[in-house]
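Everything below concerns the one structure shown next.
The values are calculated or read from the model by the stated rules, or taken from the named source; none is laboratory data. Model, not experiment: these values are computed from the prediction. Positions of Cβ are backbone-derived with ideal geometry, glycine not excepted, and every protein chain shown enters the neighbour counts. Only protein heavy atoms, including side chains, enter the accessible area calculation; ligands, DNA and RNA are left aside. Shrake-Rupley method; radii C 1.70, N 1.55, O 1.52, S 1.80 Å.
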Amino acid sequence: MIDPFQTLGVEARFDLDPDDLARRHRDLSRALHPDRYAGAPAAERRLSLSRAIEVNDAFRVLKDPIRRAEALLRRAGVPVGETAEPKPSPDLLMEMMERREELGDARRRKDLAAVHALADAIRLREREVLASMGRQFAASDPDTTKLAAVLPELGELRYLRRFLDEASAIEEELSS
């Protein structure tokens with residue numbers, strides 16, 4: 001994959017400002033919009049379309065903290081992906097299993113307030129993990145494998161995100 005930071009022309013760091021990122025994406029999208037190339041030769045139109053697709057893909061990567069962290073780690077030569085990363089701690093696995101059981105119980109009881117409370121607790125934890133990852137990325141030399149220390153938190157973030165996706169689906173189900 002093409003480097004999403006280079007594609008959007010933004011600094012390669014974890015703590016990107018979402019508004020600045022969206023503004024950069026919007027500016028590039030306008031510049032590459034197919035209507036601007038309607039009268040251009042076919043090769044130029046194809047190049048513009050290809051570049052627009054790259055910009056959209058890069059934006060999707062960088063706006064998601066998990067994928068942004070993976071992109072930073074790849075840049076540093078750190079293997080990423082659930083199979084390349086360390087196994088989650090037994091404590092995390094047990095906690096997530098217990099939280100999922102609580103979520104399932106709340107769903108069966110149709111207790112929307114309990115689902116909200118569980119999701120809120122995980123959202124708080126997600127913010128804490130993101131803040132910790134941000135500090136680790138900021139403190140690490142981007143050209144070294146010291147960044148591998150962020151991998152356990154990246155794995156935890158994946159578990160938290162899955163839980164939140166599940167909770168969101170249950171909230172939607174119970175709200176309708």
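Here is how the numbers come out for the structure above:
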| quantity | calculated |
| --- | --- |
| Only listed residue being hydrophobic (A, V, I, L, M, F, W, C) and over 30 Å from Ala139 (Cβ atoms), chosen from Ala12, Ala40, Ala22 | Ala40 |
| Filter pass, Leu72 being part of a helix (DSSP H, G or I) and open to solvent by 80 Å² or more (accessible area, probe 1.4 Å) | no |
| Sole residue being aromatic (Phe, Trp, Tyr), closer than 28 Å to Gly134 by Cα and touching a Pro at 6+ places or on another chain (Cβ under 8 Å), chosen from Phe5, Phe14 | Phe14 |
| Long-range neighbours under 6 Å by Cβ, at least six apart or interchain, first residue free of Cβ contacts under 8 Å to residues at least 24 places away in the same chain within segment 34-52, second small (Gly, Ala, Ser) | Tyr37/Ser48 |
| Condition met for Ala148 (assigned to a helix (DSSP H, G or I), open to solvent by 20 Å² or more (accessible area, probe 1.4 Å) and small (Gly, Ala, Ser)) | yes |
| Single unsatisfied condition, Met97 versus (1) closer than 23 Å to Pro4 by Cβ; (2) open to solvent by 90 Å² or more (accessible area, probe 1.4 Å) | (1) |
| Residue in segment 160-174 that is surrounded by 15 or more Cβ atoms within 10 Å (Cβ to Cβ), within 30 Å of Leu28 (Cα to Cα) and in contact (Cβ under 8 Å) with a residue 40 or more places away in the chain present | yes |
| Test: residue in segment 100-116 that is among the hydrophobic types (A, V, I, L, M, F, W, C), out of contact with any helix residue (DSSP H, G or I) (no Cβ under 8 Å at 6 or more places or on another chain), at pLDDT 95 or above and open to solvent by less than 80 Å² (accessible area, probe 1.4 Å) | yes |
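For (1) of a type outside the set (Ser, Thr, Tyr); (2) closer than 20 Å to Ala131 by Cα; (3) in the same structural domain as Ala139 (by TED's automatic domain parsing), each residue gets a yes or a no:
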position	(1), (2), (3)
Gly9	yes, no, no
Leu21	yes, yes, no
Leu28	yes, no, no
His33	yes, no, no
Ala42	yes, no, no
Leu47	yes, no, no
Arg51	yes, no, no
Asp57	yes, no, no
Glu95	yes, no, yes
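Rundown of residues vs (1) buried (at least 18 other Cβ atoms within 10 Å of the Cβ); (2) assigned to a helix (DSSP H, G or I); (3) out of contact with any Cys (no Cβ under 8 Å at 6 or more places or on another chain), yes/no style:
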{"site": "Phe14", "(1), (2), (3)": "yes, no, yes"}
{"site": "Arg36", "(1), (2), (3)": "no, yes, yes"}
{"site": "Ala40", "(1), (2), (3)": "no, no, yes"}
{"site": "Ser48", "(1), (2), (3)": "no, yes, yes"}
{"site": "Ile53", "(1), (2), (3)": "no, yes, yes"}
{"site": "Phe59", "(1), (2), (3)": "yes, yes, yes"}
{"site": "Gly77", "(1), (2), (3)": "no, no, yes"}
